[in-house]
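Asks: Shown below is the structure under consideration.
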Amino acid sequence: MVSERIQAIRGMNDILPGQAALWQTLERCAAATFQSYGYHPVRLPIVERTELFKRSIGEVTDIIEKEMYTFQDRGGDSVSLRPEGTAGAVRAGIEHGLLYNQVQRLWYAGPMFRYERPQKGRYRQFHQIGVEAFGLEGPDVDAEIILMSARLWRRLGIGRLTLKLNSLGTLEARKAYRQRLVDYFSAHRTALDEDSRRRLETNPLRILDSKSEQMRPLIEGAPSLLDHLDAASSDHFARLRELLDAAGLEYEIDARLVRGLDYYSRTVFEWITRDLGAQDAVCSGGRYDDLVAQLGGRPTPGIGFAMGVERLVSLMEHQEVTVDDLSPHVYLAWSGEAVQTAAVALAERLRDEVRGLRVLLHAGGGGFKAQLRRADRSGARYALILGEAETHERCVQMKPLRADEAQSQVPWSALAATLAGKLGLVTDERAVAEEF
């Protein structure tokens, strides 16, 4: 009997070495960008109590009703794999006393889980990089995190992104608008698709987010939320636009942008692309000034965003963004058991002496000719050749693999400085100073 081949769970994908460089480039650029604005990293649990998401996201959202990975643990508690990161960040802030009367700028990265129909750009395990700012209620921090996201796109070299901007107002203003929306769509009930009829009874604002072409004309004629904002929210939104205008950032006002989670208020935004088909949103966020109190903390304003890593990586591939080169700098070839001992020591010494040097030490035997073929395939810029004669003379043959240079013989004592000079790296003076 032939056993069934073991495969990954549907909608949960491996990130293989060929694509990992894109992920690493994105993660490195994100960390550097956030750090330049004073945001600090946090690491949050993947599993949380189910109640956390019910109270934050909203029980009548698609995520809670259909998409959560929820189960009972051995203690009988209902727990869920996190479907998004903001609720966990707020819970951690409340639990550890980080929020009340304080300003916190935080960011995190990791996997999220939603039981959706897998398709390109939408998976059951997906990854997000998220940012949260607490304790600031003015539009200046709204502008800050939007401008920070724009700077990340520039740092990555991503283009052709459009910023969509809207305001949802306060909870009270949104309740009044909700009734206007219910009245409007109820008068056109026969024109609603099945999903919109269901949302009319539970979450009518989500009808505005429908991607159905059948619904588009009806949605275009719906009352605009911007016409029903409270005065404070209207002023907040106007000042945000002034700040973005002053920074020279282009955007589009989209009165139909409502976001899919119940906790948003006032500013909401999305960065979208036309390069990825239907899954066009690569970064989304907004304000959630009532969420901390809703989860049991003292009233604290908050705003954040989350980026979809898989979609951004696809966009980077599509736009041929330059990625971090993970190839080794040098390939160290050797021949003979006695020489292998010296080669291992030399490779370790070079990693000590030259900061960031990537050394691929040959393993598995074979002659120099075969090893040099491997060295070329590895992408290394130089092959270091170590035989019995070189070991005796304490030197290596340095063979260029990518540049039009002559092969040279380099003493071990000068090897670190020579490599650092050719590769644009820096030697660690403490390690070089020690006798080798």
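The values are calculated or read from the model by the stated rules, or taken from the named source; none is laboratory data. Fair warning: this is a prediction, and the values are worked out from it, not measured in the lab. Cβ sites come from the backbone with ideal geometry, for glycine too, and all protein chains shown count toward neighbours.
Asks: Looking at Gly135, is it surrounded by 15 or more Cβ atoms within 10 Å (Cβ to Cβ), modelled with pLDDT under 95 and closer than 30 Å to Glu252 by Cβ? Walk me through it before giving the result.
Replies: Numbers: surrounded by 15 or more Cβ atoms within 10 Å (Cβ to Cβ): yes; modelled with pLDDT under 95: no; closer than 30 Å to Glu252 by Cβ: yes.
When the stated conditions are applied, Gly135 does not pass them.
Asks: Under 7 Å by Cβ, and 6 or more places apart or on different chains, what pairs join a residue from segment 416-429 that is assigned by TED's automatic domain parsing to the domain that holds Cys395 with one that is surrounded by fewer than 14 Cβ atoms within 10 Å (Cβ to Cβ) and in a loop (DSSP other than H, G, I, E, B)?
Replies: Qualifying pairs under 7 Å: Leu425/Gly356.
Asks: For Glu213, indicate whether it is under 21 Å from Gln279 (Cα atoms) and not assigned by TED's automatic domain parsing to the domain that holds Ala31. Steps first, please.
Replies: Working: under 21 Å from Gln279 (Cα atoms): yes; not assigned by TED's automatic domain parsing to the domain that holds Ala31: yes.
Yes: the conditions hold for Glu213.
Asks: Just checking, which of Gly221, Gly277 is of a type outside the set (D, E, K, R), at pLDDT below 90 and assigned by TED's automatic domain parsing to the domain that holds Val309?
Replies: Working: Gly221 fails: assigned by TED's automatic domain parsing to the domain that holds Val309.
Gly277 is the lone residue from the list that is of a type outside the set (D, E, K, R), at pLDDT below 90 and assigned by TED's automatic domain parsing to the domain that holds Val309.
Asks: Mind listing whichever residues of segment 197-243 are under 16 Å from Lys164 (Cβ atoms) and in contact with an Asp or Glu (Cβ under 6 Å, 6 or more places away or on another chain)?
Replies: Leu240
Asks: State which residue pairs qualify: first residue assigned by TED's automatic domain parsing to the domain that holds Ala416 and within 19 Å of Arg349 (Cα to Cα) and inside segment 373-396, second residue surrounded by fewer than 22 Cβ atoms within 10 Å (Cβ to Cβ) and among the polar types (S, T, N, Q) in any location, beta carbons under 6 Å apart, and separation of 6 or more residues or different chains.
Replies: Ile385/Gln397; Gly387/Ser335; Cys395/Gln409
Asks: Continuing with the same structure: If you go through segment 198-217 one residue at a time, do you hit one that is surrounded by fewer than 17 Cβ atoms within 10 Å (Cβ to Cβ) and among the aliphatic types (A, V, I, L, M)?
Replies: So the first thing to find is which residues in segment 198-217 are surrounded by fewer than 17 Cβ atoms within 10 Å (Cβ to Cβ), and the list is 198, 201-202, 209, 211-214, 216-217.
From the residues that got through so far, the ones that are among the aliphatic types (A, V, I, L, M) too are none.
Checking segment 198-217: not a single residue is surrounded by fewer than 17 Cβ atoms within 10 Å (Cβ to Cβ) and among the aliphatic types (A, V, I, L, M).
Asks: If you take the residues in segment 83-139 that are touching a Phe, Trp or Tyr at 6+ places or on another chain (Cβ under 7 Å) and of a type in the set (Lys, Arg), which one is farthest from Ala32 (Cα to Cα)?
Replies: Arg124
Asks: Among the residues of segment 66-82 satisfying the criterion of being surrounded by 15 or more Cβ atoms within 10 Å (Cβ to Cβ) and charged (D, E, K, R), which is modelled with the highest pLDDT?
Replies: Top of the filtered list is Arg82.
Rundown of residues vs (1) touching a Phe, Trp or Tyr at 6+ places or on another chain (Cβ under 7 Å); (2) assigned to a helix (DSSP H, G or I); (3) without any contact (Cβ under 8 Å) to a residue 60 or more places away in the chain; (4) on the phi > 0 side of the Ramachandran plot, yes/no style:
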position: Asp325; (1), (2), (3), (4): no, no, no, no
position: Leu346; (1), (2), (3), (4): yes, yes, no, no
position: Ala363; (1), (2), (3), (4): no, no, yes, no
position: Gln371; (1), (2), (3), (4): no, yes, yes, no
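Asks: Separate question: Checking the condition surrounded by 24 or more Cβ atoms within 10 Å (Cβ to Cβ), of a type in the set (Phe, Trp, Tyr), touching a residue at least 12 places away in the same chain (Cβ under 8 Å) and under 21 Å from Glu172 (Cβ atoms), which residue from Tyr331, Tyr288 passes? Explain how you work it out, then say what you get.
Replies: Details: Tyr331 fails: under 21 Å from Glu172 (Cβ atoms).
On inspection, the qualifying residue turns out to be Tyr288.
Residues checked against (1) of a type in the set (D, E, K, R); (2) buried (at least 20 other Cβ atoms within 10 Å of the Cβ):
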{"residue": "Arg256", "(1), (2)": "yes, no"}
{"residue": "Thr267", "(1), (2)": "no, yes"}
{"residue": "Glu270", "(1), (2)": "yes, yes"}
{"residue": "Asp280", "(1), (2)": "yes, no"}
{"residue": "Ser284", "(1), (2)": "no, yes"}
{"residue": "Arg298", "(1), (2)": "yes, no"}
{"residue": "Gly302", "(1), (2)": "no, yes"}
{"residue": "Ser314", "(1), (2)": "no, yes"}
{"residue": "Glu317", "(1), (2)": "yes, no"}
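Asks: What number of residues within segment 57-97 satisfy the criterion of being under 22 Å from Gly11 (Cα atoms) and in a helix (DSSP H, G or I)?
Replies: So the first thing to find is which residues in segment 57-97 are under 22 Å from Gly11 (Cα atoms), and the list is 61-71, 79-85.
Cutting the leftovers down to in a helix (DSSP H, G or I) gives us 62-67.
So the count comes out to 6.
Asks: Right, next: Take the residues in segment 299-314 that are at pLDDT 95 or above and over 23 Å from Ile158 (Cα atoms), then tell me which one is farthest from the chain's Cα centre (by Cα).
Replies: Thr300
Asks: While we're on this one: Could you look through segment 44-64, keep only residues that are surrounded by 14 or more Cβ atoms within 10 Å (Cβ to Cβ) and of a type in the set (D, E, K, R), and pick out the one that is modelled with the lowest pLDDT?
Replies: The residue in question is Asp62.
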